[in-house]
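K.L.:
I am attaching a structure below and will ask some questions about it afterwards.
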């Protein structure tokens, strides 16, 4: 597994693919002005900032990497975003979020089943969770177009 604390200083400029994917995922979910949103595996906080610009609700970014959380706090200290050092499996929220984003992080979780259970517990009734992760042995050059086309239906 990658040591994200070691790469956190370079991640902000080198995470072009992750940022692009997060912005597409963000556009698909239609955040409402009062939604409480959890950014799971928030890294350096790029997506958390986009979320904050959209909702007046609570925005929490969590990541198990000390270095990523430190960088997120440094980058967005003026944004009213709570950043916590925590793994997905350790979430202790109950019925708090309308939306959970998990962009480019799911594949790194140690226990997917435990993480999904914790996310389910954290979501409010009728809450939404969006996961973007690489697919194993699948190549879909028109993935973005397929997803965006599905949104229009």
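K.L.:
Quick check: Cα centre of region 21-73 to Cα centre of region 76-94, how many Å?
P.N.:
Centre-to-centre (Cα) distance: 9 Å.
K.L.:
Applying 1/(1 + (r/R0)^6) with R0 = 22 Å to the Cβ-Cβ distance of residue 133 and residue 28, what FRET efficiency is obtained, to the nearest 0.05?
P.N.:
The formula returns an efficiency of 0.90 here.
K.L.:
Also: Express the relative contact order of region 27-151 as a whole percentage, based on alpha carbon pairs under 8 Å and six or more residues apart in sequence.
P.N.:
Value for region 27-151: 24 percent.
K.L.:
State the Kirkwood hydrodynamic radius of region 27-151 in Å, one decimal place, computed from all pairs of distinct Cα atoms.
P.N.:
15.0 Å
K.L.:
While we're on this one: By how many nm would the segment from residue 74 to residue 121 lengthen if fully extended, with 0.36 nm per residue of separation less the alpha-carbon distance? Numbers along the way, then the final one.
P.N.:
Working: separation 47, 0.36 × 47 = 16.92 nm, distance 2.96 nm.
Roughly 14.0 nm would be gained on extension.
Rule-based calculations on the coordinates, nothing more; no lab input. Keep in mind the model is a prediction, meaning the values are calculated, not measured. In this analysis, Cβ positions are derived from the backbone assuming ideal geometry, glycine residues included, and neighbour counts consider all displayed protein chains.
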